[in-house]
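Encoded as C-alpha cells, the structure appears first; notes follow it.
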Amino acid sequence: MKVNEKLSLLVLPKSARKSKDGSLSLDIRITVNLKRAVISLGQKVPASLWDQEAGKMKGSTQEARLLNNAIEQCKVKVRRLYQSLELQGEEVTVEMLWDAYQGKMEQPKTLLNAIDFVIERFEKKVEKQHRSVASLKKLRTIRAKTVNFIRHQYKAKDIRLDKIRFAFAEDFVDYLMLDEDINANTAKKYLKHVKHAIKTGVERNWIPTNPIQTYKCGYIDPERDILTEQEIMILYHKHFEIKRLEEIKDTYLFMCFTGFAYKDTSLLTTDHIIDFFDGQQWVVKNRHKVTSTICRESVPLLPIAKEIIEKYNNHHVRKSQGLLLPVLSNQKYNAYLKEVVTICGINKTLTTHTARHTFATTVTLANGVPIETVSALLGHKSVKTTQIYAKIVAQKISEDMSTLKQKLAIKLPNLTLESHGNQSIITDIKTIIRNSRDTAIRAVDIERVRMYWRIGQRIFVEEQQEKDRADYGAQLLKTISTQLQPEFGSGLSIRQLKRYRQFYRTFPIASALRTQLGWTHYKMLISIDNQDKRDFYIAEAVKNNWSSRQLERQIHSSFWERLLMSNDRNGILAVARNEQQPSDAKDIIKTLCISNF
C-alpha cells in the first residue's frame with residue numbers, strides 16, 4: 001500500500017516462520033525513500049486463508065475480522081507517526097519511523113505545544129477567576145497569528161522549539177507589522193507572549209535555552225491626548241439637553257477627577273464610598289484588571305467628583321442597581337464622547353482611558369502632587385508604570401530651568417566654561433570631531449538608500465520583462481535571496497527584497513530622494529499609500545530634522561489626520577516641530593542592514 005511518494009506499507013507473510021499447524025507470521029514492511037524496515041504484527045494467519053493481493057485474511061469470520069482490524073490499526077499508527085515526524089520539519093527516515101513505532105523516540109516539543117500549554121494553564125486560572133476572559137482571548141489571538149506566521153515564513157504547520165533561531169523574533173515582528181498591518185507596540189507585545197511560551201519550554205526541559213531571550217521588545221510611547229485645565233472647565237460648564245451626552249460628559253469628568261478606569265467606573269456602587277480616618281469620603285475599590293497581585297485604588301473625593309455623584313442620586317441605575325453612575329458600553333461611550341468634544345470645540349481624540357491620563361497629569365502631577373502619591377491613587381504596583389504619565393512634569397521642569405538659565409545669564413554673564421584657560425580650544429576640537437563623525441555616518445546611510453533603490457529598480461525592470469509569467473516575480477526573488485544572502489547577509493532576504501522593490505515603485509525618480517532622510521525613514525514612508533500624506537511627512541521630517549523615531553511617533557499619532565481636522569493648524573505644527581532633535585547621528589542607522597553593507 002503506497003501512502004505517498006515517500007512512504008509505502010506492505011503486509012507480508014513470512015513463510016520461513018510457518019508454524020506446525022501451517023499458519024504464517026505476519027509482518028508490515030515499511031519503505032521510506034526506498035529504504036526498508038520490518039515491523040512484526042505479532043499475528044498469524046492460516047496459509048490457505050491469506051489474500052496477498054488484498055493484504056488481508058479471507059472470509060468474514062470473527063477471526064478474520066479481528067485480524068484485519070489489527071492490520072489496519074497498525075497501518076494507521078504508522079501513517080500518523082510519519083505525519084507527526086514530518087511536521088517537525090526534518091527529513092523522515094525509516095529508522096526514525098521504526099524507533100517511533102517501538103516507542104524509543106520521544107517526540108520533540110513544538111512552539112504550538114508550548115503556546116497550547118500556556119493557554120491550557122491560563123484557562124484554568126480564568127475558571128478560578130484569577131485571570132480575565134479578555135486576556136485569554138488575546139492569547140488565543142496570538143496563537144492564531146503565530147500559526148499564520150509559521151505557514152508564511154516556514155511553509156509548515158508548526159516548528160520545533162529546538163529549530164527556532166534568533167531571527168525568528170525579528171521576522172515575526174516584521175510579519176505582524178507588514179503583512180498583518182499591526183502597529184509596532186502591539187506586534188512586540190505579541191512577541192513577548194511568544195517569548196514567555198518558549199521560556200516555559202526551557203523551564204520544562206523541552207529545550208536548553210530560549211533562542212530569542214535577548215531580543216528587546218522596545219515600547220514606543222505614543223502621544224496621548226489629555227485635557228488641559230481650561231478644557232476641563234469647558235466640559236464642566238457645558239450643559240447638554242440630550243440626556244446621553246450629558247451622562248457621558250459627567251462620567252468622563254468623574255474619571256478625570258478620580259483616575260478610575262472605564263471598567264472600574266462602570267462597577268462602582270454606593271458601597272465603595274467610605275468615610276475615612278480624615279473625616280473625608282473616599283472611593284475604595286480593588287482594580288478590575290486581573291494581575292498577579294491585588295491592586296487597590298483609594299481616592300479621596302474631590303468636590304467636582306462628589307457633585308457628579310450627588311447629581312445622580314435619583315437616577316434609575318442608582319435606585320435599581322446601586323451603581324454610582326449610568327455608564328454605557330465602551331463602544332457607545334467612545335462614540336458619544338466624540339460628539340461631546342466636537343460640540344465643545346475641543347480638537348483632541350479622547351477615549352475612555354484618556355480621562356485616567358488627565359487625572360494623572362493635569363489634575364495631580366501638574367499641581368505638585370508627588371508621583372509616589374499619584375501611583376498609589378492609580379492603583380499601580382510600581383512607580384515605573386506611573387512614569388508613563390509624567391511627561392507634563394518634565395515639560396514644567398524644562399520651563400523652570402529655562403527661566404533659571406535666563407536669570408543666571410543676567411546675574412553671572414561671565415560664568416562659562418570657555419573662560420577658563422584652554423577649555424575653548426578643547427571644546428572646538430570636540431565639535432570638529434563630532435561633526436566629522438556625524439557627516440561620515442550620514443554619508444554611509446545616504447549611499448545605502450541609493451543602493452537599495454537601485455536594487456529595487458533592477459528587480460522591477462527584470463519582472464517587467466517577464467510580466468506575462470504570473471509566478472516569475474516570486475521565483476526571481478527566491479533565486480536572488482538564495483544566491484546572495486549567504487554572502488551578503490539578511491539584508492537580501494525575500495522580505496527585504498520586496499521592500500526594496502516597493503521602495504523603487506513608491507519613489508521611481510532617484511533625484512527626488514532626500515539626502516536628509518535615512519533608510520529607516522523611507523521604510524516607514526513606503527507603507528503610506530496616500531501620496532499627499534506621504535509628501536507631507538517627508539516635508540515635515542526634512543524641515544524639522546526628525547529622527548526615524550520622531551517620524552514614527554508622528555505617524556502613529558495620526559499627525560496628518562489631526563492637522564486636517566484641526567482649526568488650530570499652526571498650533572499643532574508648532575508642537576510637532578518642537579520635537580527633540582537627534583543627539584547622535586548613529587541613531588539614524590541603528591538597523592541590522594548597516595552591518596551587512
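The values are calculated or read from the model by the stated rules, or taken from the named source; none is laboratory data. The model shown is predicted, which means the values in this text are computed figures rather than measured ones. Note that we place each Cβ from the backbone using ideal geometry, even for glycine, and neighbour counts take in every protein chain shown. Ligands, DNA and RNA are excluded from the accessible area calculation, which covers all protein heavy atoms including side chains. Shrake-Rupley method; radii C 1.70, N 1.55, O 1.52, S 1.80 Å.
Descriptive notes on the structure:
- Matching residues in segment 539-552 - criterion: being assigned to a helix (DSSP H, G or I), hydrophobic (A, V, I, L, M, F, W, C) and within 24 Å of residue 185 (Cβ to Cβ): 541, 551
- Filtered residues of segment 479-515 (kept if of a type in the set (Lys, Arg), over 17 Å from residue 167 (Cβ atoms) and free of Cβ contacts under 8 Å to residues at least 40 places away in the same chain): 514
- Residues of segment 38-92 that turn out to be open to solvent by less than 80 Å² (accessible area, probe 1.4 Å), more than 16 Å from residue 27 (Cβ to Cβ), more than 57 Å from the chain's Cα centre (by Cα) and touching a residue at least 12 places away in the same chain (Cβ under 8 Å), as a count: 3
- Answer residue from segment 198-217, given it is of a type in the set (S, T, N, Q) and free of Cβ contacts under 8 Å to residues at least 40 places away in the same chain and is least open to solvent (accessible area, probe 1.4 Å) among those: 210
- Within segment 509-516, not a single residue is modelled with pLDDT of 85 or more, part of a helix (DSSP H, G or I), polar (S, T, N, Q) and over 25 Å from residue 179 (Cβ atoms).
- Residue in segment 525-543 that is surrounded by 12 or more Cβ atoms within 10 Å (Cβ to Cβ), touching a residue at least 24 places away in the same chain (Cβ under 8 Å) and under 18 Å from residue 171 (Cβ atoms) present: yes
- Taking the criterion of being within 21 Å of residue 478 (Cα to Cα) and in a helix (DSSP H, G or I), the only residue of segment 177-190 that qualifies is 178.
- All of 265, 270 fail the test of being touching a residue at least 12 places away in the same chain (Cβ under 8 Å) and within 18 Å of residue 377 (Cβ to Cβ), apart from 265.
- Residues located in segment 139-161, provided they are open to solvent by 50 Å² or more (accessible area, probe 1.4 Å) and touching a helix residue (DSSP H, G or I) at 6+ places or on another chain (Cβ under 7 Å): 140, 143, 152, 153, 157
- Checked against (1) in contact with a strand residue (DSSP E or B) (Cβ under 8 Å, 6 or more places away or on another chain); (2) surrounded by fewer than 21 Cβ atoms within 10 Å (Cβ to Cβ), residue 258 meets all criteria but (2).
- Residues located in segment 330-350, provided they are among the polar types (S, T, N, Q) and open to solvent by 60 Å² or more (accessible area, probe 1.4 Å): 330, 331, 342, 347, 349
- Qualifying residue in segment 475-495 (condition: in contact with a Phe, Trp or Tyr (Cβ under 6 Å, 6 or more places away or on another chain) and part of a loop (DSSP other than H, G, I, E, B)): no
- Cross-chain or 6+ apart pairs with Cβ under 7 Å, segment 442-463 first and in contact (Cβ under 8 Å) with a residue 40 or more places away in the chain, then of a type in the set (S, T, N, Q): 446/515
- Every test in (1) open to solvent by less than 20 Å² (accessible area, probe 1.4 Å); (2) under 18 Å from residue 138 (Cβ atoms); (3) touching a residue at least 60 places away in the same chain (Cβ under 8 Å); (4) of a type outside the set (Asp, Glu) is passed by residue 176 save one, and that test is (3).
- Unique match (being surrounded by 15 or more Cβ atoms within 10 Å (Cβ to Cβ), basic (Lys, Arg) and out of contact with any Lys or Arg (no Cβ under 7 Å at 6 or more places or on another chain)) among 311, 243, 263, 319: 263
- Taking the criterion of being of a type in the set (Phe, Trp, Tyr) and more than 20 Å from residue 345 (Cβ to Cβ), the residues of segment 231-270 that qualify are 254, 257, 260, 262.
- Any hit, segment 271-281, residues being under 29 Å from residue 344 (Cα atoms), at pLDDT 80 or above and surrounded by 15 or more Cβ atoms within 10 Å (Cβ to Cβ): no
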